[in-house]
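First comes the structure, then the notes that go with it.
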Amino acid sequence: MHFTSEQHLDDGVLEREFTLDGIPGILWTPPSSPAPLILLGHPGGLRKMHPRLAGRARHSAANGFAAATIELPGSGDRVRSAAAEQARDDLHRAMAAGEPLDEIVDRLILPLVEKAVPEWQTTLDALLSLPDISGPVGFSGGVIAIGIRLALVEPRIEAAGLFAGSFVPRAMFDQARQITIPLHVLLQWDDEGNDRQLALDLFDAFGSQEKTLYASMGGHTGVPNFAGDDAARFFVRHLK
């Protein structure tokens, strides 16, 4: 892990950009350390998502957590995948036409999960070797399919707050049934780009004995501030 920049924010949080095996990322650490860690999932490039990610990280730091994120394959400044771009275009066309989506979702999401999850695990190895990170570890956000796979294969993740704002291949429902860690799932009821019934079916499939569905009215970007407060309390209960 090579740190490329750092700045002290006005609330005492240290923000550091890094690269790891060519993967860009950002780490935020609170004034007191070592600290438990929350991995921040997101759907886009770091430059585009930075304001929202930094806000989530600073909220986490206020509760005593470090937070980190990486740029997903094919996003931001990383090399684009022609197959993924075609699948994304096909998905938008099929949604507009009211056509079946399952095959297209598989083409778009499954390769992303296969690439992104090992990168997250490599990043987690590096982060937990730092003196200001102690664990335990949580995962927060999306892409929800990536969160599902990480929660299944990564024993160091002890709780997950998932945003049901992206499509999940139906083949991954069997993986969801095997997840047993505590879950807090956020659903925007009027999310125009998501399948509400699929999200409800997915929540029902999760095998966790402790799982909460937090549904709010509004579209994809209309998540109310108090929903974030409840997610923060979930991580305080399970990681501190």
Exercise for the section: Grab the Cα-Cα distance for residue 237 and residue 170, subtract it from 0.36 nm times how many residues apart they are, and report the gain in nm with one decimal. Expected result: 21.0 nm
Exercise for the section: For the chain, calculate the relative contact order in percent as a whole number, restricting contacts to Cα pairs under 8 Å that are 6 or more residues apart. Expected result: 15
Fill in the blank from the handout: Once residue 48 and residue 220 are pulled to full extension, the length gained, defined as 0.36 nm per residue separation minus their Cα-Cα distance, is 60.3 nm
Problem - Where only C-alpha atoms are counted, convex hull volume of the chain per residue in Å³ - result: 114
Exercise for the section: Quick one: compute the contact order of segment 1-49, relative version, from alpha carbon pairs under 8 angstrom and 6+ residues apart, as a percent. Expected result: 25
Fill in the blank from the handout: Here the FRET efficiency for residue 196 versus residue 229, based on Cβ atoms and R0 = 25 Å and rounded to 0.05, is 0.60
Completion exercise
Most packed first (mean Cβ within 10 Å per residue), the peptides 175-183, 157-165 order as 157-165, 175-183
Handout entry: Average Cα contact separation per residue, segment 189-240, under 8 Å, 6 or more apart, as relative contact order %
Key = 43
Practice task
May I ask for the equivalent-ellipsoid semi-axes of segment 1-139, computed as the square root of five times each C-alpha gyration tensor eigenvalue and listed largest first in whole Å?
Solution key: 32, 15, 14
Problem - Fraction of antiparallel bridges per DSSP, the chain only, in percent to nearest 5 - result: 40
Problem - Sorted by Cβ density within 10 Å, fewest first, the residues 128, 27 - result: 128, 27
Problem - Net length gained if the chain between residue 17 and residue 114 were fully extended (0.36 nm per residue, minus Cα distance) - result: 32.5 nm
Handout entry: Sequence-distant lysines (8 or more away, or on other chains) whose Cα lies within less than 26 Å of residue 115
Key = 48
Practice task
Sort 200, 127 so the one with the fewest other Cβ atoms within 10 Å of its own Cβ comes first.
Solution key: 200, 127
Fill in the blank from the handout: The alpha-carbon center of segment 41-72 and that of segment 195-220 are separated, in whole Å, by 22
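Where a number appears in this text, it was derived from the coordinates with a stated rule and is not lab data. Just so we're clear, the structure is a prediction, and the values are computed from it rather than from any experiment. Heads up, the Cβs are rebuilt from the backbone with ideal geometry, glycines too, and the neighbour counts pull from every protein chain shown.
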